[in-house]
Amino acid sequence: MHATFTGLHALDDRLPDWSLRGRAIEAAELRRLRQALDDSANPTIAQLRDNTLALDAELARAHVDVRLAEHDSSFFHARNPALWTGEAIFGVVSLMIRDFAPAAERLPAIAARLRAIPTFLGAMPEALTAAVPAQWIGRATRECAAAAGLFEHGLLAWLELHGVDAQAAAPVLAAAVPARAAFAQCATWLAALIPQAHASYAAGEALVATLLQRGHFCTDAPLALLEQALAELPVEQRKLNEMVTASHGSWEAVHDALAADHPSANEYYDTFTTRWNDCHRTAMQHDAVTWANWPIRYVPIPSWAQEFAPQLYWLFYRSPAPFDPYTVYEYLVTPIDATMPADEQERKLRAWNNSTITLNHVVHHGAVGHHVQNWHARHRATSRVGRIAATDCASRIAMFLGGSMAEGWACYATQLMEELGMLTPLEQLSEQHTRVRMLARAIVDIRLHLGLITFDEAVQYYCDVVGMPLEMATGETTKNSMFPCTAIMYWLGTSRILALRTQLQARQREAFSMRAFHDALLSRGAIPVPLVATLMTEPVA
């Protein structure tokens, strides 16, 4: 699966083996690999900075350490059915959403993965050996329902869209029948699965420590990070409150103003391009970062997927596969047009307002944020691990250690565009609210996985501190609970980039170059920001 998403297609006809036996074999292989990645080398910071092989070896050791810690914790594949349903669905979808080869050449692999779904999902009941929390059961159940339609009506529409004739389509459609039956059987089993009252959402202190130290290369203890975030939160809240009071008087009024500030249905798609051009022009005028020509266009989610995407982990921007050919990246957005009923059109436009388009879908993802970072990782990264680590896969990125750079840079990029004067007053308000939310997510992440708060208390915290509606807060907490030390990577990466920039500006004074700093930061690809900061500040012998 990870191979398909990174553009290595030799295994496109397979799903992973997550059975008890398969997971045991995988763990044994990881332990052998870890032994081969000898710790005795103990490279110095200078060696990691100057020797890419030494750097990649250390990153490989860290990645295996994380994988083994996750396996030994029994937190992921041994208790989360949503990981299984997501893997099965996107094992097939990964072959449908990328035009890395003509559709006719992808059909055998699509059929093979559909045929593999019954065996894959059939191993789940025995492999789930730990108590399963209720929210994870609910998410997996919803995905089973979405898969039933996706692999019938959606698949038929995909085949028709790509001009596949009846004879060529027959093996795929035949393979989809037992696949749908497997999802139905999975849903039935999940419905009978009684959530355990004692099933904790906490990953535990040991796993949290490994994820922070080996995944993020962060030397701060979890409680020390929690203290930092708790200290920063009221500062950002006060700033937000001051901005709200000065502009609209209340957050409710700001929220209404943000929603009302949206393009018309006729202007909707053009707004993405216009704001992308504004972002590019701002970055170039200030010589902020190397931004090569890597074309992107905003298009509606394909018709065959529109009904099912909202129920799945369907990313609007999914990082371009490092090893696939690249022409123009198609960024998928919710379709809105003037033919829709007026009330539906207005509801969607209020959700996809100008601030959402600019901050999330242009700056953070499609422009100077993820897209530029992905270009640097693909074309300039000295680390081979950094080239692939942040590739979006079925449920999360390919390697956990890529997260603080990928998300840290993208969140930093929105702050940078505010600093450079691109954002409107409403967008500045929304960006300040995002900073509060980012800190709240870090706080919930640590507290939840150390067992300091319950799931319900985390939901209430989001409602009280961030102003999230209950449904959104529940969804956010569900994501936090499934992937420990993931929500924290946004704040951790952003804060460490800002601290590094301040340190180098003070050291270099007039010689400091924004573009040189950003290019150096991105030049190793998606590897942990705390590690890059050390590599960039360690004195040269």
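Laboratory data are not the source of any read-out in this text; all were calculated from the coordinates shown. Here the structure is a predicted model, which is why all the values come from computation and not from measurement. Please note: Cβ atoms are built from the backbone with ideal geometry, for glycine as well, and neighbour counts cover all protein chains shown.
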Answer label, with Cα extents along the principal axes in Å calculated from the coordinates and candidates (1) 67, 65, 48; (2) 70, 69, 41; (3) 97, 74, 49: (1)
Cα point-scatterer Debye curve for segment 2-192, base-10 log of I(q)/I(0) at q = 0.11, 0.12, 0.13, 0.16 Å⁻¹: -0.61, -0.70, -0.79, -1.03
Two-decimal Rg/Rh across segment 167-321, once Rg and the Kirkwood Rh are taken from alpha-carbon atoms: 1.06
Derived scalar couplings ³J(HN,Hα) [segment 332-337; Karplus, 6.51 cos²θ - 1.76 cosθ + 1.60; whole Hz; x for Gly, Pro]: 8, 10, 4, x, 9, 8
Residue order, fewest to most surrounding Cβ atoms within 10 angstrom, among Leu240, Leu59: Leu240, Leu59
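Between Arg515 and Gln503, what length in nm is gained on full extension when 0.36 nm per residue of separation is reduced by their alpha carbon distance?
Between Arg515 and Gln503, full extension yields an extra 2.8 nm.
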Helical mean residue ellipticity (222 nm; -39500 (n - 2.57) per DSSP H run of 4+; nearest 500) of the chain: -19500 deg cm²/dmol
Local electrostatic count at Cys186 - Lys and Arg +1, Asp and Glu -1, tallied over other residues with Cβ under 14 Å: 0
Cα-centred dipole magnitude for the chain, charges only on beta-carbon of K, R (+1) and D, E (-1), debye, nearest 20: 1120
³J(HN,Hα) computed for each position of segment 521-537 - Karplus, 6.51 cos²θ - 1.76 cosθ + 1.60, integer Hz, glycine/proline x: 4, 8, 6, 9, x, 8, 10, x, 4, x, 5, 4, 4, 5, 5, 7, 10
For the chain, with +1 on Lys and Arg beta carbons and -1 on Asp and Glu, the positive-most of Pro102, Phe5, Ala69 along the dipole: Ala69
Anisotropy class of segment 205-495 from Cα gyration tensor, a/c 1.5 cut: rounded
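I'm a student and want to see the number: the projected area of the Cα convex hull of segment 366-461, averaged over all directions, in nm². Could you put the intermediate results ahead of the total?
On the way: hull surface 32.0 nm².
Orientation-averaged projected area of the Cα hull: 8.0 nm².
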All Cα pairs of segment 76-122, percent lying beyond 13 Å: 57
Dipole magnitude of segment 97-208 about its Cα centre (Cβ charges: Lys, Arg +1; Asp, Glu -1), debye to nearest 20: 100
Summed side-chain charge close to Tyr326 - residues other than Tyr326 whose Cβ falls under 14 Å, Lys, Arg +1, Asp, Glu -1: +2
